[in-house]
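Have a look at the structure below, then the notes.
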């Protein structure tokens, strides 16, 4: 295929990414932290760490633990808040030719809307990703993403205020992921991203105590990949909006598998911690796969396995 041009662009709700590879929120800072390892210009998109309306201190330590083929984290979405983010992180991203997706978190609908409205006039923000795995403090602490009515309601509320396309990030900690996906679609979501972390726990048998101060944490990494592929496949066959697939992607093979299951783009998360070059290797690997398979356009992979 040396004489043919490879088409690696994909489109999400009218936003064109130069390739399908992005980073998962919370694993890449807001880009600057990885910029000496990764050419941000080569990424399809940078997805920022979660941003709230006010600074969040996060959970007490210890809040990270290794497990077999993955990790547990209970960071608690620590972030400096929208003011610092807008003044410090967005100007840094101005110098790069990549799409910017801001992850938004909140403890009430009003919290989310405050950030969404504030970002509406930020020209550097191409899309918003709404983290609905946050506990809804006004509804007894159940996560927004675990109740289909709440999913539809928060999606509808965000869509009414957002000036950028809205990605709803789905929690896998539910009985039926397709029910949540349909609810987000009904609320007007432009794109869905999945999966967020699975709730897990680790106990130190010598100390006979919880390893994490929070007791439970979100599990991510290679161990969750088959679950994520299954959920992406199910959702891709249940909704019409595009999907960003994530969960244990550490190689080009993992990313391609996710696209064949139905994802239009993919996010690399935990792999960034132990291989800061993972995203670049995946971008190269996808191109090599397309050449080897004599496929001219990466979009031919999306949902190719039925």
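The values are calculated or read from the model by the stated rules, or taken from the named source; none is laboratory data. Please read all numbers here as calculations on a predicted model, not as lab measurements. Here the Cβ is made from the backbone with ideal geometry for all residues, glycine too, and neighbour counts use every protein chain on show.
Structure notes:
- Flag if residue 153 is surrounded by fewer than 17 Cβ atoms within 10 Å (Cβ to Cβ), assigned to a helix (DSSP H, G or I) and either without any contact (Cβ under 8 Å) to a residue 12 or more places away in the chain or touching a strand residue (DSSP E or B) at 6+ places or on another chain (Cβ under 8 Å) (or both): no
- Looking across the range 268-279, the residues that are in contact with a helix residue (DSSP H, G or I) (Cβ under 9 Å, 6 or more places away or on another chain) and either within 22 Å of residue 233 (Cα to Cα) or crowded, with 17+ Cβ neighbours inside 10 Å (or both) come down to 268, 270, 271, 272, 278, 279.
- For the range 183-199, taking the residues that are over 18 Å from residue 226 (Cα atoms) and surrounded by fewer than 18 Cβ atoms within 10 Å (Cβ to Cβ), the one that is farthest from the chain's Cα centre (by Cα) is identified as 186.
- Those residues of the range 156-181 which are in a helix (DSSP H, G or I) and over 18 Å from the mean Cα position of the chain (by Cα), in sequence order: 156, 157, 159, 160, 161, 179
- Residue match in the range 182-189 (condition: in a loop (DSSP other than H, G, I, E, B), over 21 Å from residue 249 (Cβ atoms) and without any contact (Cβ under 8 Å) to a residue 40 or more places away in the chain): yes
- Boolean, residue 202 is over 17 Å from the mean Cα position of the chain (by Cα) and under 30 Å from residue 14 (Cβ atoms): no
- Selection from the range 1-39 of residues that are in a strand (DSSP E or B) and under 21 Å from residue 254 (Cα atoms): 7, 10, 11, 12, 17, 21, 22, 23
- Test: residue in the range 130-143 that is surrounded by 18 or more Cβ atoms within 10 Å (Cβ to Cβ) and touching a residue at least 60 places away in the same chain (Cβ under 8 Å): yes
- Test: residue in the range 29-43 that is modelled with pLDDT of 95 or more and farther than 20 Å from residue 268 by Cβ: no
- Looking across the range 120-144, just one residue is assigned to a helix (DSSP H, G or I) and touching a helix residue (DSSP H, G or I) at 6+ places or on another chain (Cβ under 6 Å), and that is 144.
Here's the yes/no breakdown for (1) in a loop (DSSP other than H, G, I, E, B); (2) free of Cβ contacts under 8 Å to residues at least 12 places away in the same chain; (3) under 18 Å from the mean Cα position of the chain (by Cα):
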| position | (1), (2), (3) |
| --- | --- |
| 41 | no, no, no |
| 54 | yes, no, no |
| 59 | yes, no, no |
| 62 | yes, no, no |
| 72 | no, no, yes |
| 87 | no, yes, no |
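- The set of residues in the range 89-119 being assigned to a loop (DSSP other than H, G, I, E, B) and either out of contact with any helix residue (DSSP H, G or I) (no Cβ under 8 Å at 6 or more places or on another chain) or crowded, with 23+ Cβ neighbours inside 10 Å (or both) consists of 94, 95, 105, 106.
- Yes/no for residue 148 being under 24 Å from residue 119 (Cβ atoms), free of Cβ contacts under 8 Å to residues at least 60 places away in the same chain and over 17 Å from the mean Cα position of the chain (by Cα): no
- Check on residue 142, at pLDDT 95 or above, touching a strand residue (DSSP E or B) at 6+ places or on another chain (Cβ under 9 Å) and farther than 21 Å from residue 190 by Cβ: no
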